[in-house]
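What follows is one structure encoded as structure tokens, with my remarks underneath.
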């Protein structure tokens, strides 16, 4: 005779309301997006830093190329559609990257002005 240790107990899924289940699924989906973001961003940054190590070039150019390639691969493989509506966390990272790029290009422009203008820029 086999005794079931869970006999007589209700599981969490048996007693959960549909709203609770949807919240759990949403939290799980958000957590998966976090890992997906780390999976894409960390290697991108590490490779970009390795490629430009010892040169005067910025890793941002490599990150931009990788970001465009990542977006193309996600759309071409059918995992997502343009705009990353299916992955809001990746969309947030992409928007943050655009802000960082704008700041970097502004700073780079100031640096070029200083180098070629032979004058001090505040």
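Couple of notes before you dig in:
- Length gained on full extension, residue 51 to residue 39, computed as 0.36 nm times the residue gap minus the Cα-Cα distance: 2.4 nm.
- Residues of the range 94-116 falling in the label zone of residue 80, defined by backbone nitrogen less than 11 Å from a point 7 Å along Cα to beta-carbon, are 94-95.
- Label point distance in nm, residue 114-residue 60, each placed 7 Å from Cα along Cα→Cβ: 1.4 nm
Read-outs: derived from the displayed coordinates by stated rules, not from any lab. Quantities reported herein were computed from a predicted structural model and do not represent experimental measurements. Neighbour counts run over all protein chains shown; Cβ positions are idealised from the backbone, glycine included.
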